[in-house]
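See structure below.
The values are calculated or read from the model by the stated rules, or taken from the named source; none is laboratory data. Note that the structure is a prediction, hence the values are computed from the model and not measured. Backbone-built Cβ (ideal geometry, glycine too); neighbour counts: all protein chains shown. Calculation scope for accessible area: heavy atoms of the full protein, side chains included, ligands and nucleic acids excluded. Shrake-Rupley method; radii C 1.70, N 1.55, O 1.52, S 1.80 Å.
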Amino acid sequence: NVHEVRFEGDDNKKLPLDIGASIVRDPNKCVLCRRCVSVCKNIQTVGVIDAVNRGFNTIIASPFNMPLSQTPCVNCGQCINVCPVGALKEKDDTDRVWEAIYDESKHVVVQTAPAVRAALGEDFLMPIGTPVTGKMVTALKMLGFDAVFDTDTAADLTIMEEGNELIDRIRGGGKLPLITSCSPGWIKFCEHNYPDMLDNLSTCKSPHQMFGAILKSYYAEKNGIDPESIFVVSVMPCTAKKFEAARPEMEVSGLRDVDAVITTRELSGMIYDMGIDFPALHDSSFDNPFGAATGAGHIFGVTGGVMEAALRTVVDILSGTSTDSFEYTTVRGLEGIRIAKVKAGNVELRAAVAHGLGNARKLMDAVRAGEKFDFVEIMACPGGCVNGGGQPIVCARDRMDKDVRAERAKAIYQEDKSLPLRKSHDNPYIKKLYDEYLGEPGAHKAHELLHTHYIKREKFL
């Protein structure tokens, strides 16, 4: 939050800002520690930045000093999380959100991802991994949003569509493995590095994009609201979601699914700006008709969560019965790549989970080489969304003492266990949505609103 340098040294170069779709680089704040280079090159294996020039002329830059938006950067924001001086940050969209809130002609709704509630409290000096769902909802209502919804409900919707897609491919001899499409950083990484595997990606939009499409269609019709007046804000743990929301594919009938994406950090900044004492807030509930999600929707925020949520539904459908044992702990954990076999009726599913793009590369190379899987989950960020590029910054000293990913994951699994419904296909709100509007998973209306496509991108631009 330092916006100017009062004491300028001789080596202050006054270099221009690099403002991309998701990430802003201020090279004038950079101290050449190379942490961003290390995480980009060694952990994520993207490698779009490095030290260039020599001596006092050294800077961290992309090849030929191109803007990040013109490189294979995947917008994951892991460089932001490790920068000790604020030389890297997310593109700030809070002014656009405030402008919409104060525009009386707009109906402004906000949705929050599962990982946000597991980390937001840290910006208000609460212990790492403290679940703050109720306080978060109260704060959002105090900020002036017309309705506050839970993206976890849309995660249940995603499972219905993605699970149906997996079953269709298994029964119909479709292309396998089916690979999850919820992580926009992974999607862009795949478009650059594995264009031959784009047909393996699920055509499902990510949950918040699905939700935006539903809010501007079904929700608008049910409440008699002009879809063009609805302004959808997504609070995400992820900087890549900003890029995703701006993709040309993410619109229906000329209306953007999501109008603005803000990170967990941006939300905490808005709460601070309003002078709200966050830890002292009482708990509130999400608004209906999209206020209830199952435990399956909650666990989307951790690595292995999308896989486990899908298995809870797919196994029931393939086996023709509701299984009592539905915690698939074999796909949980923080190992870089995890492989599991799951019995579903007469079918044995071979599943794989990877988190962090370095591990994703290893797994995709194995698939390319002929290793067989039915279903694959990949999250761009190490640990999944709980460690997304838009989450509260944790200093290096605290990262040495605690595994932040594990602490935040505990909050996610805690919410999952506390809920009466833990399988997406049991969500009454989702059943009603299909009965009244979508028809059935994979039907024409559902495909029109909830599915998308991907494009081949050059590896080097």
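Miscellaneous remarks
- Count of residues meeting criterion [of a type in the set (G, A, S), touching a helix residue (DSSP H, G or I) at 6+ places or on another chain (Cβ under 9 Å) and more than 18 Å from T239 (Cα to Cα)] in segment 76-104: 0
- Strands (runs of 3 or more DSSP E) contained entirely in segment 1-112, each with at least 1 residues that are under 22 Å from Q391 (Cα atoms), out of contact with any Asp or Glu (no Cβ under 6 Å at 6 or more places or on another chain) and open to solvent by less than 80 Å² (accessible area, probe 1.4 Å): 23-25, 88-90, 107-112
- No other residue among I159, I170 is β-branched (V, I, T), on the phi < 0 side of the Ramachandran plot and open to solvent by less than 30 Å² (accessible area, probe 1.4 Å) apart from I159.
- Residues of segment 274-284 that are open to solvent by 50 Å² or more (accessible area, probe 1.4 Å) and part of a loop (DSSP other than H, G, I, E, B): M274, G275, D277, H282, D283.
- Among residues of segment 404-461 being touching a helix residue (DSSP H, G or I) at 6+ places or on another chain (Cβ under 8 Å) and of a type in the set (D, E), the one that is least open to solvent (accessible area, probe 1.4 Å) is D416.
- In segment 206-247, counting only helices (runs of 4 or more DSSP H) that sit wholly within it, the ones holding 1 or more residues that are buried (at least 22 other Cβ atoms within 10 Å of the Cβ) span 207-214, 240-246.
- The residue that is farthest from R408 (Cα to Cα), among those in segment 251-273 that are open to solvent by less than 10 Å² (accessible area, probe 1.4 Å) and part of a loop (DSSP other than H, G, I, E, B), is D257.
- Residue within segment 285-296 that is part of a helix (DSSP H, G or I) and either over 30 Å from T330 (Cα atoms) or open to solvent by less than 40 Å² (accessible area, probe 1.4 Å) (or both) present: yes
- Within segment 53-69, being among the polar types (S, T, N, Q) and at pLDDT below 90 holds for N57, N65.
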